[in-house]
Amino acid sequence: MKQHGIPFYRARVAIGVKVALASIGILLSACTAGAAAPTANIDEVLDVVATSHTRWQTVQGQAVIVWTGPAGQQQEYVQEFVVSQPASARFASIEADVAPVYDVWMSDGTYIYEVNTAAKSYTRGPLPAFAFDLSMFDAPDESDPDPVFITHPFSMLIMSPVPPHWFPQQSQVHGTHSVVGEEDWLGRKVWKVEYVSEDATSLAWIDQATGVILRFELAGYVDFRMTSIAFDEPIDANVFAVPADYVRE
């Protein structure tokens, strides 16, 4: 699946499993193994992130998000997510400090739904055609001198505190990425990548096999952690269907 600007290789960009709708959240806990000496080239790592959407077909699991406000106040969310490319997804709030009106955001590949499971009601709107248009990945304009974001179109519909297309695309303008270690997260090998700019320092734990960001920290703003994840397992199409007894608003 794939904003703070930066020129990039004009390459593909990950959907990157945007497991955090701004109004639906996530919270759990996990731990990492001790860091090892970094062995990967940072350009190669960022390219894996940028091409993430080509490295998996389905992904599902849970994630945790802790938001920190300007006065130090925090909100925690726990969210379940299921994504099946090219454009089916379901994000469900299972724990939240502030319960959202619609606790499920969903796309079945044709429509987008916001679902209130307590009221058994939902809204429905069309999935924009641009969600399926990957043409910018096929023929990037290498001659254009201006920095341009290349974002997976479906990912633009899903709000997230960790936009993966954003992470590898910022270095040439705003700061510098570096591989600071390799660890295990959820039983998967990850690169630990630090991004430093004049404004902030952030850390991302990047799955080496898929390029998906499994954990992300930006001090004083957001702490995002996947607490379970599975790639390329079969997903029942009913996961993306509104129950028959729910009423459309």
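Among the residues making up region 79-90, those that are part of a strand (DSSP E or B) and farther than 11 Å from residue 62 by Cβ are 83, 84, 88, 89, 90.
The set of residues in region 180-217 that are β-branched (Val, Ile, Thr), surrounded by fewer than 20 Cβ atoms within 10 Å (Cβ to Cβ) and closer than 27 Å to residue 230 by Cα contains only 180. Residue 110 meets each of the listed conditions (1) within 18 Å of residue 154 (Cβ to Cβ); (2) within 18 Å of the chain's Cα centre (by Cα); (3) of a type in the set (Val, Ile, Thr) apart from (2).
Checking the structure you have, find out if any residue of region 222-236 is closer than 26 Å to residue 68 by Cβ and at pLDDT below 85.
No, the conditions are met nowhere in region 222-236.
Only one residue in 56, 67 is under 18 Å from the mean Cα position of the chain (by Cα) and either of a type in the set (Gly, Ala, Ser) or at pLDDT below 90 (or both). Which one? Please lay out each step first, then the result.
On the way: 56 fails: either of a type in the set (Gly, Ala, Ser) or at pLDDT below 90 (or both).
That would be 67, the only listed residue that is under 18 Å from the mean Cα position of the chain (by Cα) and either of a type in the set (Gly, Ala, Ser) or at pLDDT below 90 (or both).
The values are calculated or read from the model by the stated rules, or taken from the named source; none is laboratory data. Computed from a predicted model, the values in this text were never measured in an experiment. So basically every Cβ, Gly included, is an ideal-geometry build from the backbone, and we count neighbours across all protein chains shown.
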